[in-house]
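Student: Before we start, here is the structure in question, set down as structure tokens.
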Amino acid sequence: RKEVEQDPGPFNVPEGATVAFNCTYSNSASQSFFWYRQDCRKEPKLLMSVYSSGNEDGRFTAQLNRASQYISLLIRDSKLSDSATYLCVVNPHSGNTPLVFGKGTRLSVIA
Amino acid sequence: EAEVAQSPRYKITEKSQAVAFWCDPISGHATLYWYRQILGQGPELLVQFQDESVVDDSQLPKDRFSAERLKGVDSTLKIQPAELGDSAMYLCASSNGGANTGELFFGEGSRLTVL
């Protein structure tokens, strides 16, 4: 079983739609969780951290369910500029250990 | 805004040749990572440095790959000999706060094509 698993998509949604991405991780001792965004042929960039209580940043909401080892990202009122690949990222250990990236979920927002 | 610099941006080589990639992290960032990203996949760690020391190279194919960060600043990743399956984007990233902060700053990458 891979450490971080995501639905690869692609998700094709109209502008204004709400879309949700899911991610599962295998190591129950994982300490911290993040969503990165990667535009086509560009480098990944941190979108947001994921906190146990859930957190929101504008149209983006991230949630963590430690019992189910599940992370989600919700995008409301999708914009054309949201089209990208969204990478689920986990730090499987405490301390300064390497982050583990999922394969990414591709989103295309269509006018 | 400070950036992670990588070169070359693109490299085309024939199999069995040697290739080298260079990375200059954001000034002051002690941790440097090399990741490999195959098309359609997420980045996979090759090696992590803390200053000049290797922290994790468990996924680095050491029969053909080597990495160094001699003075704890810039770093070089070498492949010799290159194989067809090495075609990928090689991403360098640096961080200051460690993996718990989640913020890795990536360079634009070096895209390798092995013919």
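The values are calculated or read from the model by the stated rules, or taken from the named source; none is laboratory data. These numbers come from a predicted model, not from an experiment. Using ideal geometry, Cβ is built from the backbone for each residue, glycine included, and neighbour counts are taken over all protein chains shown.
Student: Residues being small (Gly, Ala, Ser), within 10 Å of the chain's Cα centre (by Cα) and surrounded by fewer than 17 Cβ atoms within 10 Å (Cβ to Cβ): count how many of those fall in region A:66-111.
Tutor: Residues that pass the stated criteria total 0.
Student: Of the residues in region A:62-106, how many are of a type outside the set (Gly, Ala, Ser), assigned to a loop (DSSP other than H, G, I, E, B), within 11 Å of another protein chain (Cβ to nearest Cβ) and in contact (Cβ under 8 Å) with a residue 12 or more places away in the chain?
Tutor: Qualifying residue count for the region: 4.
Student: Out of all the residues in region B:41-76, which are assigned to a strand (DSSP E or B) and either loosely packed, with under 15 Cβ neighbours inside 10 Å or more than 14 Å from chain A (Cβ to nearest Cβ) (or both)?
Tutor: B:Ser53, B:Val54, B:Phe65, B:Ser66, B:Glu68, B:Ser75, B:Thr76 - these are the residues of region B:41-76 that are assigned to a strand (DSSP E or B) and either loosely packed, with under 15 Cβ neighbours inside 10 Å or more than 14 Å from chain A (Cβ to nearest Cβ) (or both).
Student: Filtering region B:29-40 down to residues that are closer than 10 Å to B:Gly72 by Cα and surrounded by fewer than 22 Cβ atoms within 10 Å (Cβ to Cβ), which residue is nearest to the other protein chains (Cβ to nearest Cβ)?
Tutor: Top of the filtered list is B:Thr31.
Student: Kindly indicate whether A:Pro14 is closer than 17 Å to A:Arg106 by Cβ and buried (at least 19 other Cβ atoms within 10 Å of the Cβ).
Tutor: No: the conditions fail for A:Pro14.
Student: Please determine whether any residue of region A:49-59 is outside any strand (DSSP E or B) and in contact with an Asp or Glu (Cβ under 6 Å, 6 or more places away or on another chain).
Tutor: yes
Student: Filter region A:24-61 down to the residues that are surrounded by 12 or more Cβ atoms within 10 Å (Cβ to Cβ) and of a type in the set (A, V, I, L, M, F, W, C), then identify the one that is farthest from the other protein chains (Cβ to nearest Cβ).
Tutor: This residue is A:Phe60.
Student: Assess whether B:Gly85 counts as being within 11 Å of another protein chain (Cβ to nearest Cβ) and either within 26 Å of A:Glu3 (Cβ to Cβ) or modelled with pLDDT of 95 or more (or both).
Tutor: no
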